1. I'm trying to understand the selection: among the residues of the range 143-156, which are more than 17 Å from Gly94 (Cα to Cα) and either part of a loop (DSSP other than H, G, I, E, B) or open to solvent by 30 Å² or more (accessible area, probe 1.4 Å) (or both)?
2. Taking the conditions exactly as written (farther than 30 Å from Gly214 by Cα and either modelled with pLDDT of 75 or more or not in a loop (DSSP other than H, G, I, E, B) (or both)), does Ala521 satisfy them or not?
3. Restricting to the range 36-65, name every residue that is under 26 Å from the mean Cα position of the chain (by Cα) and either open to solvent by less than 30 Å² (accessible area, probe 1.4 Å) or modelled with pLDDT of 80 or more (or both).
4. Write out, first by first residue and then by second, each pair whose Cβ atoms fall under 6 Å of each other, whose residues are 6+ apart or on separate chains, and whose first residue, in the range 499-513, is open to solvent by less than 20 Å² (accessible area, probe 1.4 Å) and modelled with pLDDT of 95 or more while the second is in a strand (DSSP E or B) and polar (S, T, N, Q).
5. Could you tell me whether the range 651-664 includes any residue that is among the aliphatic types (A, V, I, L, M) and either without any contact (Cβ under 8 Å) to a residue 60 or more places away in the chain or over 30 Å from Asp364 (Cβ atoms) (or both)?
6. Looking at the structure I just gave you, is Ala650 crowded, with 20+ Cβ neighbours inside 10 Å, out of contact with any Asp or Glu (no Cβ under 7 Å at 6 or more places or on another chain) and not charged (D, E, K, R)?
7. Has the range 217-232 got at least one residue that is open to solvent by 10 Å² or more (accessible area, probe 1.4 Å), under 21 Å from Asp189 (Cβ atoms) and in a loop (DSSP other than H, G, I, E, B)?
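The values are calculated or read from the model by the stated rules, or taken from the named source; none is laboratory data. Values in this document were obtained by computation on a predicted structure and should not be read as measured data. When we count neighbours, we look across all protein chains shown, and the Cβ atoms used for this are built from the backbone with ideal geometry, even at glycine. Ligands, DNA and RNA are stripped out before the accessible areas are found, and what is left, the full protein with its side chains, is counted by its heavy atoms. Shrake-Rupley method; radii C 1.70, N 1.55, O 1.52, S 1.80 Å.
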Amino acid sequence: MNSFVLLCLSCAISAGHFLQIPAADKPMHLDLNDKNDGIRSLAFSPDGNIVAAGTFKNKVILWDVKKGLELSRIVSTDGDQNGYLPYVVFSNDGKRLATVHDIHEFSREGRAGIQVWDISAIREPRRAYTFRTHMIMGLWGVWRVAFSPDSKTLVAAEPNEGTIRVWELATGKDRLRFHGGVAASFSADGRMLITVDHDGTIHHWGTGTTKRIGPSIDAGTRDFIHAEAVVFGPAGRHVAIGDGFTTWVKNAASGRTVQRLSLPFSIVPMAFSPDDSTLVALAKDGICLFSVETGKELAWRSGFGVSACSNMGQRFAWSDGSSVFIERMPLKPAGKGKPPPSTDPAVVPLEARLIVSKKEYALDLGGLTAEEFSKGIQFSYTPTPLVDLTLELRNTSTKPVTIRRGDGGLDLDEPYFWLVGRGAMNISHWARSVSVAVDRKSRSILLGPGGSIRRRVGTLFSDSQSCYWLTPGEYTLHAHCYGAISPKPEGASDAGEGYGYVSLHCPPVKLTVLTGGTVSADPLEKTPGTPRLGAVVTPDDQELRELRSKLSKPVTLDLGLKAPFQEVVSFLAERYDIDFRIDEPAFKKIGRNNIGMSKVQVAPLVGINLDYVLHVLLESLDATYEIRETSLWIVPARKPLPLTDRLAPASDRYLRWLYTLFTLKPGIAKGTPLEKAVEELGDRVGMTIVLDRKAFERAGIKDIDKRPVELAEQTEVRFSMMLRELLRQADATFVARFGVILVVPVGK
């Protein structure tokens, strides 16, 4: 998928200096005069007379469509002018324009910026408000913001935390903030707020309240989605939800799946026509229009992926990155979807293929139902299915080819997967706010004419994606490889030193998943553990389920936490919309006054469940939590409880991940502090490894995090052996818990 393209729901045009109006039987054509800039987002005004274009240089340009004249230009005064504008949208009264910015000023602390401009005086736009959010810019669709039909409020989602925020435009103040999903929009009549959660669940809320209207509409076991793109139909009838490879079109009221759209390549929903009858999607090297009623492809346009239709449904605009073409609706069919080329550019002297050593696999969900498993993998690195495949790269030319490795993680012999099938789930690591970049030592692989290299593939895990199957049936596995080769092929992007960036597409392979059975695995030593705390039994109502859902969601604490406990609790309460209470009388009863002033500390964490963060904090205070009705109460623990007892035991599936073969190149340098070493190793294999300092303190061991360790390069070695070898140097060991590996003293 090309991650530098975005589509606007209300349609659009681009960023040049003047609009060329051709003959009526030809599309309008706009050239972008600035070769160093590019078209990033587009939007039509409600009456269709003005178009706005956001560019890669953080600008918005407004044009009069009828006259072809530039009306004004907006340049953000905040942050880096080399940032870009992934989304622009007009208010329904045409007096305001909202722009979403990806610039360093906002993203420095994991934030994005939304700016609202007063354009009632179109030639002199004035910035009215700036809103800071915690958006993840890597997720498709969550750039989108929406005005209410009366143009008085603005809504956006903070998808990494599932928070919906509504701002009042008359004052610029927060009107509402609540836990509701990854994307939001208003219903056509403005009476409801419609939100979509990570797993495709659709919620309806009363506008201006956190009161749910009717039950949440859960796809259940029919669809297994991790939403990366969400598009709301202007007519309010449909919602399109995509994971980058499959798009589900759902009825917004009933949640029923109307269409399930897949292509032989990536597909991302981008916009609906005004009557919700046509869906526009970004596909490989082009834009496709689908009939929502039949699911058939109506028209294709080759281009960069920026496109849309006017609010009245009279025009459609699309871009090739440097030019914009505007046509009348309905479009005349032109072009068609083509399978992705085997190489990009076309003259790459290499071919890639997957060799299937084992075609059939037993379904193993660790005793969970498909629905339970799908919810469990939304926010944690659950091990992907084990497979037996081999990637082969072959030189198809008569000259030697050099493959460069260690190029910022772009290694041509490490494929990126996606899985297609009724029970397939593809989860981007962007979606879980977890970095899995690997710092590899640069080296080269020389392939002579006709020569080839092979690499064993044991799991469906890659640096950017995790793939799962959840039901029996037939699946199609796709794989791409990206990297740099020399000599630089014609048309390849420059990678320096005579290398050029290329991509290779493997022909898809078929795999079969059978019902029942358990994939064989070596026996593992299991560490006994007690069930997780914090489970006071209360009626299983909707509010309680929401609270438990919040505790299971991942959080990102880039800077960690270090402050008095009361301040930390206040921070968590506001950020995650949870009613925290400290049971002060209970602490005073055991002689612990002013518990709120106790200093607590949590190291920087990324993609770790909020429940886990709480246990790390509370362990240091010998405290725990209880759920009383819909509040979370901090209470004294009856006895000191280490993290190994607080956290749920690891599943058999997670334990088997410890026996997966990995290659570690380069190794971990001699003298690396233990804390840094386990963090680095965890990043390389995609697992969360945490140093349990409190356990070492209880054992009388100080400064364990500073113990020097090292680890030589490893080739196809079980992860458990790597980790044991590393920890042995610090007289430490590890235990597996749900979604995390804890480093503890030997004997604990």
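1. Scanning the range 143-156 gives Trp143, Arg144.
2. Values: farther than 30 Å from Gly214 by Cα: yes; either modelled with pLDDT of 75 or more or not in a loop (DSSP other than H, G, I, E, B) (or both): no.
Spelling it out, it is not the case that Ala521 is farther than 30 Å from Gly214 by Cα and either modelled with pLDDT of 75 or more or not in a loop (DSSP other than H, G, I, E, B) (or both).
3. Once the filter is applied, which keeps residues that are under 26 Å from the mean Cα position of the chain (by Cα) and either open to solvent by less than 30 Å² (accessible area, probe 1.4 Å) or modelled with pLDDT of 80 or more (or both), the range 36-65 yields Gly38, Ile39, Arg40, Ser41, Leu42, Ala43, Ala53, Gly54, Thr55, Asn58, Lys59.
4. Going by the 6 Å Cβ cut-off, there are no qualifying pairs.
5. Pass one, the range 651-664, residues among the aliphatic types (A, V, I, L, M): 655, 658, 661, 664.
Add one more test, that the residue is either without any contact (Cβ under 8 Å) to a residue 60 or more places away in the chain or over 30 Å from Asp364 (Cβ atoms) (or both), and what stays is 664.
Yes, the conditions are met somewhere in the range 651-664.
6. Values: crowded, with 20+ Cβ neighbours inside 10 Å: yes; out of contact with any Asp or Glu (no Cβ under 7 Å at 6 or more places or on another chain): yes; not charged (D, E, K, R): yes.
Considered against the rule, which asks whether it is crowded, with 20+ Cβ neighbours inside 10 Å, out of contact with any Asp or Glu (no Cβ under 7 Å at 6 or more places or on another chain) and not charged (D, E, K, R), Ala650 comes out as yes.
7. Within the range 217-232, not a single residue is open to solvent by 10 Å² or more (accessible area, probe 1.4 Å), under 21 Å from Asp189 (Cβ atoms) and in a loop (DSSP other than H, G, I, E, B).
For (1) touching a His at 6+ places or on another chain (Cβ under 9 Å); (2) open to solvent by 60 Å² or more (accessible area, probe 1.4 Å); (3) not in a helix (DSSP H, G or I), each residue gets a yes or a no:
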{"residue": "Ala695", "(1), (2), (3)": "no, no, no"}
{"residue": "Ile701", "(1), (2), (3)": "no, no, yes"}
{"residue": "Glu716", "(1), (2), (3)": "no, yes, yes"}
{"residue": "Met721", "(1), (2), (3)": "no, yes, no"}
{"residue": "Arg724", "(1), (2), (3)": "no, yes, no"}
{"residue": "Phe734", "(1), (2), (3)": "no, no, yes"}
